[in-house]
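Heads up: the structure comes next, in structure tokens.
The values are calculated or read from the model by the stated rules, or taken from the named source; none is laboratory data. Given the structure is predicted, the values throughout are model-derived calculations rather than measurements. Ideal geometry is used to build each Cβ from the backbone, glycine not excepted, and the neighbour counts take in all protein chains shown. With ligands, DNA and RNA removed, areas are computed over all heavy atoms of the protein, side chains included. Shrake-Rupley method; radii C 1.70, N 1.55, O 1.52, S 1.80 Å.
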Amino acid sequence: MTGKSRIAAALIIVAFVFIGGLYLWAGGEQARLVGYGFLKLDRGQMTVNFDRHWVWLDANGREGRSLDLAAVDLHPVADYDFFANGDLLVLHRAAQRSVWQNLRAFLRISEGPQSAAGTAQGRQDGFYRCQLLPLNCERLAKITQLPARSSRLVIDRQSDTVYLVDTADHSLYKYSASGRLLAQQSTGFKFPNQLLLTEGQLWLADTNNHRVVRLATAEDTFGEVLETHNINLGGEYRWPHQLAASAAGLWVLVGNNAMADGKLRLIEPSGDLAAPISSQALAKVGIGDPLALHFWQKRLWINDFDAPKLILFDPNSGTSTRAQSPTLTQLEQAHIERWEYYQLMQRIALILFVVLLIGGFAAAWRLERQQTLDKFKSVKNANSLSVDGEITPTGQSGVMWISSGLKPWHHWMIYVLWACTLMCSVLLIYLYVTNDKLGSGFLAVMGAMIVFLLLISLVVSKIFRSIVSAKLGVVGESLVLDDGFGNSTIAKDGALAYTAHFIFADDVAIALGNQNVKFFARNELEKWVYPRLKRARKLSAWEQTVHLWRLRHPQMIYMAIILAAMLALLIFLELFS
């Protein structure tokens with residue numbers, strides 16, 4: 001490679017890193033955008049939060065007033081509610097969640113509460129009670145253990161009692177207005193979500209247990225299940241996560257496996273599960289992925305996650321109107337503009353990547369034309385081999401065995417695979433042993449994952465052993481095939497069959513490898529083996545597969561086992577998730 005080629009290669013690498021960084025940055029910023037939150041009633045008005053903003057709306061969706069908690073340096077997350085005197089309760093968290101926390105959330109691994117911690121700048125993380133006029137927020141210092149991830153809360157305004165759900169910790173808490181812990185329940189629930197108080201009764205969307213339950217609120221029986229409604233709409237729709245009370249019954253938003261594209265159902269007073277509103281009816285009014293809902297003034301107030309909007313939907317007539325709020329309109333527009341900007345940056349990154357590929361090929365063609373042509377030829381011939389050479393005598397009477405093409409590090413890969421399997425198994429066991437809230441469901445999934453990892457490691461080891469055990473030799477004008485498991489044969493000309501990856505004779509098949517990794521020395525194959533295949537029968541890919549299956553070749557059998565194991569694992573996770 002010339003000096004110019006090295007400079008071009010360095011520039012391409014730098015450009016690739018920049019483009020990749022741009023794509024990841026835009027995606028990360030897009031994921032961090034915060035839009036609509038939840039809906040709560042406050043003294044005859046509907047409130048909705050949007051990022052750090054709150055807006056009060058009348059029964060027709062017209063804006064009354066708005067509030068921005070940025071004025072008091074608060075970054076509200078999760079749920080909120082109001083005390084009897086109108087004070088606002090929010091959870092403030094200044095720092096973004098870590099990569100580890102996001103990974104645990106993606107894997108649906110529980111996470112215990114976190115201690116309230118100060119930040120280098122700004123307010124300390126925690127629950128804040130905010131007097132609105134004039135705006136003044138004070139931390140409830142008695143609540144020292146904070147939800148690690150998502151949480152929901154509701155306030156009983158008759159007593160200003162606060163009920164809190166820590167979703168990732170599977171726990172429920174009951175606090176006084178000052179933040180004093182009154183009761184706690186940490187068993188029986190699995191990723192609980194929304195709490196709802198209606199007619200003095202406390203309801204909970206127990207999401208991963210696929211049910212909606214009514215709970216006892218007395219301190220000595222707090223969290224006991226008094227009534228249960230199982231929610232399973234068939235298929236992936238079995239994750240209830242939002243609730244709204246009406247005279248007709250209890251509205252439930254049921255998400256799919258991604259907790260998205262929710263379907264609305266109504267738990268009637270009789271306990272039956274009805275579907276008075278179809279997804280198509282919601283789609284007609286612009287609701288594709290409902291996020292939160294509240295029933296008030298004979299209408300369902302629903303905000304949408306995909307395209308930020310707040311809709312007032314009448315279940316009886318099927319008509320709808322949008323909230324008439326200048327503040328919300330401005331926030332929605334700003335959110336859409338930022339989202340589209342980051343999406344544009346991702347698209348620009350993809351376009352630049354394509355340009356970089358074309359430019360890289362052009363630079364390679366201009367600066368290293370012969371090497372580029374050779375590389376293209378090697379790719380073109382990846383699934384073929386040349387058998388046009390002349391047969392060269394070996395110069396010995398016995399069998400000349402072809403040397404192995406495997407490198408020492410190929411052998412170490414098996415040990416690395418087993419080490420990774422062991423580490424993953426230990427990690428899963430550690431998560432189960434150190435967290436007593438995971439329960440039998442996680443134990444079943446953990447056992448299935450460990451069995452799957454052990455099976456994969458065992459199968460790969462068996463395949464590698466079959467490759468290492470096989471021998472390929474030359475004697476006269478014939479080839480000697482020995483699979484290492486007691487099957488061997490000597491054949492030549494029409495008794496042989498081949499593809500770019502295998503040689504067949506009688507009931508023996510020998511794997512050759514691929515273009516990148518040859519299981520036998522490449523130069524010896526080209527000199528001694530390939531010319532002896534000149535009169536052999538060349539097989540198609542389908543014929544190769546048929547031959548391997550007929551011979552029950554390890555690579556075919558073990559790959560079938562891997563595919564069956566993957567399918568079984570997916571079905572198991574679907575049933576036990």
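Between Trp409, Trp365, Trp418, which is modelled with pLDDT of 90 or more, assigned to a helix (DSSP H, G or I) and either loosely packed, with under 12 Cβ neighbours inside 10 Å or not hydroxyl-bearing (Ser, Thr, Tyr) (or both)?
Values: Trp409 fails: modelled with pLDDT of 90 or more; Trp365 fails: modelled with pLDDT of 90 or more.
Going through Trp409, Trp365, Trp418 in turn, just one is modelled with pLDDT of 90 or more, assigned to a helix (DSSP H, G or I) and either loosely packed, with under 12 Cβ neighbours inside 10 Å or not hydroxyl-bearing (Ser, Thr, Tyr) (or both): Trp418.
Is it true that Gly44 is open to solvent by 50 Å² or more (accessible area, probe 1.4 Å), not aliphatic (A, V, I, L, M) and not in a strand (DSSP E or B)?
Here the answer is yes, as Gly44 does meet what is asked.
Which of the following residues is outside any loop (DSSP other than H, G, I, E, B), open to solvent by 10 Å² or more (accessible area, probe 1.4 Å) and at pLDDT below 95: Ala120, Ala105, Ala168? Spell out how you get there, then give the answer.
Details: Ala120 fails: outside any loop (DSSP other than H, G, I, E, B); Ala168 fails: open to solvent by 10 Å² or more (accessible area, probe 1.4 Å).
After applying the criteria, what remains is Ala105.
Would you call Asn60 touching a residue at least 12 places away in the same chain (Cβ under 8 Å), among the polar types (S, T, N, Q), in a loop (DSSP other than H, G, I, E, B) and surrounded by fewer than 15 Cβ atoms within 10 Å (Cβ to Cβ)?
yes
Which condition from (1) open to solvent by 50 Å² or more (accessible area, probe 1.4 Å); (2) of a type in the set (Ser, Thr, Tyr); (3) touching a helix residue (DSSP H, G or I) at 6+ places or on another chain (Cβ under 7 Å) is the one that Tyr342 breaks?
Among (1) open to solvent by 50 Å² or more (accessible area, probe 1.4 Å); (2) of a type in the set (Ser, Thr, Tyr); (3) touching a helix residue (DSSP H, G or I) at 6+ places or on another chain (Cβ under 7 Å), the lone unmet condition for Tyr342 is (1).
Scanning segment 368-400 for residues that are among the aliphatic types (A, V, I, L, M), assigned to a loop (DSSP other than H, G, I, E, B) and at pLDDT 75 or above, which turns out surrounded by the fewest Cβ atoms within 10 Å (Cβ to Cβ)?
Top of the filtered list is Ile391.
If you go through segment 189-216 one residue at a time, how many are farther than 21 Å from Lys263 by Cα, buried (at least 19 other Cβ atoms within 10 Å of the Cβ) and at pLDDT below 95?
Residues that pass the stated criteria total 1.
Looking at Ala216, Ala205 in this structure, which one is under 28 Å from Asp272 (Cβ atoms), of a type in the set (A, V, I, L, M, F, W, C) and touching a His at 6+ places or on another chain (Cβ under 6 Å)?
Only one candidate passes the filter, namely Ala205.
So if I check each of Val34, Val14, which one is of a type in the set (Val, Ile, Thr), modelled with pLDDT of 90 or more and over 24 Å from the mean Cα position of the chain (by Cα)?
Unique residue meeting the criteria: Val14.
Suppose we keep only residues that are in contact with a Lys or Arg (Cβ under 6 Å, 6 or more places away or on another chain) and not hydrophobic (A, V, I, L, M, F, W, C) within segment 230-256. Which one would you say is least open to solvent (accessible area, probe 1.4 Å)?
Across segment 230-256, the extreme among qualifying residues is Tyr237.
Looking for whichever is touching a residue at least 12 places away in the same chain (Cβ under 8 Å), over 24 Å from Asp87 (Cα atoms) and not in a loop (DSSP other than H, G, I, E, B) here; the options are Ala183, Ala205. Which one fits?
Ala205
What's the number of the only condition in (1) at pLDDT below 90; (2) loosely packed, with under 15 Cβ neighbours inside 10 Å that Ile348 fails to meet?
(1)
Under 6 Å between Cβ atoms, at least 6 apart or on separate chains: pull out the pairs that start in segment 481-493 with a residue that is under 11 Å from Ile510 (Cβ atoms) and end on any residue that is among the β-branched types (Val, Ile, Thr) and in a strand (DSSP E or B).
Close Cβ pairs (under 6 Å, with a partner that is among the β-branched types (Val, Ile, Thr) and in a strand (DSSP E or B)) amount to Leu481/Thr489; Leu481/Val508; Leu481/Ile510; Asp483/Val508; Asn487/Val508; Thr489/Val508.
If I go through segment 266-277 residue by residue, how many of them are open to solvent by less than 50 Å² (accessible area, probe 1.4 Å) and either among the small types (Gly, Ala, Ser) or modelled with pLDDT of 90 or more (or both)?
Of the residues in segment 266-277, 4 are open to solvent by less than 50 Å² (accessible area, probe 1.4 Å) and either among the small types (Gly, Ala, Ser) or modelled with pLDDT of 90 or more (or both).
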